[in-house]
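Each remark here refers to the structure printed beneath this line.
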Amino acid sequence: MSVHYQNVVPWGRSFQEYVDMFSLNDEDLDKSILGCGDGPASFNCEMNRKGKSVVSVDPLYELDRERIQKRIDETYLEVLEQTRANQDKFIWKNISSVEELGKIRMSSMSLFLDDFEKGKKQGRYVAGGLPELPLEDASFDLVLVSHLLFLYSEQLSYDFHVRAINELLRVAGEVRIFPLVDLNSRKSIHLDEIIGELVSQGYVVSEDKVEYEFQKGGNTMLKIQTI
């Protein structure tokens, strides 16, 4: 595994966003959770503070804290400018402006950075990425995948999605993926076919509406469960 530093664009979400994106209740939060592709989100840090069990896996964690911090500093304003240029693709309700979005994201990423080196030593941050994870079979109750699968439908093929989801189901009995729209806020071109494939394999699959919607149309998650 090799991280191409110049391609990394760190962008972290908060504990509350994870709760809302994945409709996590108290029972869910007590499960052993894997966050796949978490990047510099603060979910792991905040869950650890609550005494909960979360492991995050991401290629980003191959880098050290200093290099992640440097890359955040290099890309932060660029990401905000891209968001400002595409404001019509977002719903400015719970987050009222691009400036507020920046403060929320930076707060989450700061929590992550302060926790990263300690959490990595504790095994809470693991370097790795789909479609092959460095994790044991059935080692988690629940996997959460935020802003990776389906969002990058034009960049990641159907075959990649199938392999990735099968890998997630190898390590956990339940998988939740959010959102189900691509970068242009259109329903993923892979979604229907993948649902059909999973159902044919005997999984219980549902597309559930959630309370969270920032990207227009991005208010559903895919829930996949073993029987």
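Just wondering, is there one or more residues in segment 68-86 that are within 23 Å of Asn219 (Cβ to Cβ) and in a loop (DSSP other than H, G, I, E, B)? Checked against the condition, which is being within 23 Å of Asn219 (Cβ to Cβ) and in a loop (DSSP other than H, G, I, E, B), segment 68-86 yields at least one hit. Filter segment 29-53 down to the residues that are among the acidic types (Asp, Glu) and in contact with a helix residue (DSSP H, G or I) (Cβ under 9 Å, 6 or more places away or on another chain), then identify the one that is farthest from Arg170 (Cα to Cα). Only one residue fits best here, namely Glu46. Here Thr220 meets the list (1) of a type in the set (S, T, N, Q); (2) surrounded by fewer than 18 Cβ atoms within 10 Å (Cβ to Cβ); (3) touching a Pro at 6+ places or on another chain (Cβ under 9 Å) almost entirely, failing just condition (2). Looking only at residues of segment 87-141 that are assigned to a strand (DSSP E or B) and acidic (Asp, Glu), we find that the one that is nearest to Arg71 (Cα to Cα) is Glu132.
The condition of being within 22 Å of Gln16 (Cα to Cα) and either crowded, with 17+ Cβ neighbours inside 10 Å or at pLDDT 95 or above (or both) holds for only one of Tyr76, Tyr61, that being Tyr76. When every residue of segment 189-209 is checked against the conditions, none turns out to be buried (at least 21 other Cβ atoms within 10 Å of the Cβ) and part of a strand (DSSP E or B).
If we scan segment 16-27, do we find a residue that is over 29 Å from Glu78 (Cα atoms), aliphatic (A, V, I, L, M) and in contact with a helix residue (DSSP H, G or I) (Cβ under 9 Å, 6 or more places away or on another chain)? Yes. Quick check on Phe116: is it closer than 24 Å to Val205 by Cβ and among the aromatic types (Phe, Trp, Tyr)? The answer is no for Phe116. Going through segment 85-116 one residue at a time, which ones are among the basic types (Lys, Arg), surrounded by 13 or more Cβ atoms within 10 Å (Cβ to Cβ) and either touching a strand residue (DSSP E or B) at 6+ places or on another chain (Cβ under 6 Å) or without any contact (Cβ under 8 Å) to a residue 24 or more places away in the chain (or both)? If the condition is that a residue be among the basic types (Lys, Arg), surrounded by 13 or more Cβ atoms within 10 Å (Cβ to Cβ) and either touching a strand residue (DSSP E or B) at 6+ places or on another chain (Cβ under 6 Å) or without any contact (Cβ under 8 Å) to a residue 24 or more places away in the chain (or both), then no residue fits.
The residue pairs whose first member lies in segment 144-173 and is part of a loop (DSSP other than H, G, I, E, B), whose second member is exposed (fewer than 15 other Cβ atoms within 10 Å of the Cβ), and whose beta carbons are closer than 6 Å, counting only pairs six or more residues apart or on different chains, are Ser153/Ile189.
Ser56 - would you say it is under 17 Å from the mean Cα position of the chain (by Cα) and not in a loop (DSSP other than H, G, I, E, B)? When the stated conditions are applied, Ser56 passes them. When Val171, Val181, Val175 are checked against the criterion of being surrounded by 15 or more Cβ atoms within 10 Å (Cβ to Cβ) and touching a helix residue (DSSP H, G or I) at 6+ places or on another chain (Cβ under 8 Å), Val175 stands alone in meeting it.
Residues checked against (1) more than 18 Å from the chain's Cα centre (by Cα); (2) among the β-branched types (Val, Ile, Thr); (3) over 23 Å from Cys45 (Cα atoms):
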site: Arg65; (1), (2), (3): yes, no, no
site: Ala85; (1), (2), (3): yes, no, yes
site: Ile91; (1), (2), (3): yes, yes, yes
site: Glu99; (1), (2), (3): yes, no, yes
site: Ala127; (1), (2), (3): no, no, no
site: Glu136; (1), (2), (3): yes, no, no
site: Arg176; (1), (2), (3): no, no, no
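Return yes when Arg170 is within 22 Å of Leu133 (Cβ to Cβ) and out of contact with any strand residue (DSSP E or B) (no Cβ under 8 Å at 6 or more places or on another chain) and no when it is not. It is true that Arg170 is within 22 Å of Leu133 (Cβ to Cβ) and out of contact with any strand residue (DSSP E or B) (no Cβ under 8 Å at 6 or more places or on another chain).
The values are calculated or read from the model by the stated rules, or taken from the named source; none is laboratory data. Just so it is clear, the structure is predicted and the values come from calculations on it, not from any experiment. Cβ sites come from the backbone with ideal geometry, for glycine too, and all protein chains shown count toward neighbours.
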